[in-house]
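S.K.: Just dropping this structure here.
The values are calculated or read from the model by the stated rules, or taken from the named source; none is laboratory data. The structure presented is a predicted model; accordingly, all values stated were derived computationally and were not measured. Counting neighbours? That spans all protein chains shown, and the Cβs are built from the backbone with ideal geometry, glycine included.
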Amino acid sequence: MVATYAEIDIASFIDHTLLNPATTQEQVDQWCAEAERFGFPTVCVYPAHVPRAIDRLHQKRPQVSTVIGFPSGATTSIVKQYEAAEAAELGVTELDVMINHGWLKVGKLDEVHQELAAIVETTGQQVKAILETHLLTDDEKRLAAEVCMDAGATFLQTNTGWYGAVQVEDVRLLKSIVKDRIGIKAAGGILSLPQAIELILAGATRLGTSKGPSMLRQRDSRERDTLEGVDQHESQLE
């Protein structure tokens, strides 16, 4: 397993997530500074914090992503579209959109498709469709995946974290459906480096977590321990 940890560039997978409802401006500044320092693809914040994050990351590598219709997905389509359009106009490049699970469960697949497709078309940005897999059966996960791909989603996201942690089995299921056509974002309760690596090996191409910096510290500690072990072994052979 040592080679796997060393070979995977964990930082390149992380959406540095800050979705505590009590988030402060100082925390937004901290998350943006950490994203720049570690080379994370995005900082993911609530829409209210988008302007500050955009300002802090102007002309820097990390992008700003935000959530739409979060965390229930049960706001009206016109509200979701306005929320997404405003975020895109401010400079957000990735939108994590909660689908309407009530529609999905009663078979209103056209409505799910139309809502997501409208956001994709009007914003022109990458859209991650949040499936909230804990609320769905496997058949519903498959339906949701197909509908969202057809609507133009660029990622399927597993969870919000509000209903439990992401399951590796769900990532594997989504990978079996999408193959390599679009990305898979694993999110919800990703707390450790081993857990992150397991999700990546299962097929995740992005990770939503607030624990990115601690994961990188875990990785560096493991690498130091490995190098020290090699040095000790070599000295014993001399």
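S.K.: Within region 55-101, track down each residue that is assigned to a loop (DSSP other than H, G, I, E, B) and among the basic types (Lys, Arg).
M.R.: Passing the criteria: Lys60, Arg61.
S.K.: When both residues are 6+ apart or on different chains and their Cβ atoms are under 7 Å apart, which pairs have a first residue that lies in region 37-55 and is more than 17 Å from Ser214 (Cβ to Cβ) and at pLDDT 95 or above, and a second that is of a type in the set (Asp, Glu) and not in a strand (DSSP E or B)?
M.R.: Listed by first residue and then by second, the contacts come to Pro47/Glu83.
S.K.: Restricting the search to region 116-145, which residues are in a helix (DSSP H, G or I) and of a type in the set (Asp, Glu)?
M.R.: Glu121, Asp138, Asp139, Glu140
S.K.: Would a scan of region 64-74 turn up a residue that is over 15 Å from the mean Cα position of the chain (by Cα), small (Gly, Ala, Ser) and closer than 25 Å to Gly124 by Cβ?
M.R.: Within region 64-74 (the criterion being over 15 Å from the mean Cα position of the chain (by Cα), small (Gly, Ala, Ser) and closer than 25 Å to Gly124 by Cβ), the answer is yes, since at least one residue qualifies.
S.K.: Out of the residues in region 4-38 that are closer than 16 Å to Thr66 by Cα and acidic (Asp, Glu), which is surrounded by the most Cβ atoms within 10 Å (Cβ to Cβ)?
M.R.: Restricting to residues being closer than 16 Å to Thr66 by Cα and acidic (Asp, Glu), the top hit is Asp15.
S.K.: Given (1) surrounded by fewer than 18 Cβ atoms within 10 Å (Cβ to Cβ); (2) β-branched (Val, Ile, Thr); (3) within 16 Å of the chain's Cα centre (by Cα), identify the lone condition not met by Ile78.
M.R.: (3)
S.K.: Ok, one more. Out of the residues in region 113-148 that are among the β-branched types (Val, Ile, Thr) and in contact (Cβ under 8 Å) with a residue 24 or more places away in the chain, state the one that is nearest to Thr76 (Cα to Cα).
M.R.: Result: Ile119.
S.K.: Quick check on my filter: what residues within region 170-196 are part of a strand (DSSP E or B) and charged (D, E, K, R)?
M.R.: Listed by number, the list holds a single entry, Lys185.
S.K.: Please go through region 39-51 and give me each residue that is crowded, with 16+ Cβ neighbours inside 10 Å and in contact with a Pro (Cβ under 9 Å, 6 or more places away or on another chain), ordered by number.
M.R.: Listed by number, the residues that qualify are Phe40, Pro41, Thr42, Val43, Tyr46.
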